[in-house]
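The structure appears right after this line, and notes come after that.
FYI, it's all coordinate maths here, none of it is from the lab. Everything numeric here is computed off the predicted structure, so don't read it as measured data. Using ideal geometry, Cβ is built from the backbone for each residue, glycine included, and neighbour counts are taken over all protein chains shown.
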Amino acid sequence: MTWLRAARGAGMALGAVALGAAVLVPAPLGRGLAGPVRDDGAPPPEPGAPGLVERVDERLGERMPGLELPERRELARALVLESELARIDPLLVLGIIEVESAYDPEARSRRGALGLMQLREPTLRREVERAGIDCPSLTDPAVNVRAGIRYLRRLLDAFGREEHALMAYNAGPNRILGYLREGDGEIPERFRVYPRKVRAEVRRLRRGWLVAGPPSPGEAAPGRGDAPRPAAVAIADVAPTHRAGVASSEPPR
């Protein structure tokens with residue numbers, strides 16, 4: 001059994017080199033909100049599908065009535081643009097924000113997670129630095145959302161399945177990875193509560209907007225079966241529990 005444990009440990013170490021790049025290496029998401037320059041000096045078109053920024057703006061107005069219109073519009077544009085660049089359904093981002101912070105930009109968890117998307121400060125700072133985002137404050141709504149979307153994209157790339165990425169977002173990537181790597185790869189039921197809450201909110205939003213879009217990016221493609229199990233997530237880049245949301249269902253330690 002000693003050799004088996006040694007082999008398993010070596011496999012995880014080698015896997016960290018292969019898969020860690022999905023979290024360590026920034027995806028080519030672009031540098032910020034600046035749109036294409038137009039010869040006539042007119043502002044660039046709104047990102048996303050026609051009317052999407054307006055719909056997101058309306059939702060933000062409902063849930064964040066204290067946010068002034070210019071800041072709210074900037075946040076809506078940031079959310080839609082970053083989602084588009086990251087190939088993530090904007091409704092998935094809104095679902096995460098609802099479950100994580102209930103749209104409170106000043107939310108802070110007992111474990112130090114900050115803002116709308118409830119990332120811990122080291123993760124936030126890494127994403128901000130990688131993207132070259134102008135950062136007046138880590139709880140600035142637009143900064144927080146842009147960093148959160150970029151981090152979610154890395155988890156989707158690393159885990160290959162939306163459900164696993166959401167569990168990793170909530171409970172920490174290395175914790176979920178440990179379950180996937182051990183035994184039969186089954187993840188305890190308590191970790192599945194968070195993805196269900198997020199997806200329920202996405203369905204509710206979709207019904208309200210009368211949108212019948214495709215599954216959120218990050219899901220395993222139909223007919224391909226389960227995505228390959230990730231080998232490991234680089235420990236140096238992502239803390240075992242990178243955040244602990246205010247309104248999340250983080251399982252007991």
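The alpha carbon gyration tensor of the stretch 67-156 gives principal lengths a ≥ b ≥ c with a/c below 1.5, which makes the shape rounded.
The alpha carbon gyration tensor of the stretch 99-217 gives principal lengths a ≥ b ≥ c with a/c of 1.5 or higher and a/b no greater than b/c, which makes the shape oblate.
Scalar couplings 3J(HN,Hα) for the stretch 135-146, obtained by applying the Karplus form with A = 6.51, B = -1.76, C = 1.60 to θ = phi - 60°, are 10, x, 6, 5, 9, 4, x, 5, 4, 4, 5, 4 Hz; x denotes Gly and Pro. For Leu119, the residues whose amide H sits under 5 Å from its own are Leu114, ignoring neighbours fewer than 5 places away on the same chain, with H placed 1.01 Å from N.
Here is the list for the stretch 70-164: GluC sites (Glu not before Pro) lying in DSSP coil, each with at most 11 other C-beta atoms within 10 angstrom of its C-beta, are Glu106.
Potential lengthening of the chain between Arg63 and Glu129 amounts to 20.9 nm, from the contour at 0.36 nm per residue minus the alpha-carbon distance. The residues neighbouring Ala200, those whose beta-carbon lies less than 15 Å from its own, together hold a net charge of +2 under the Lys/Arg +1, Asp/Glu -1 convention.
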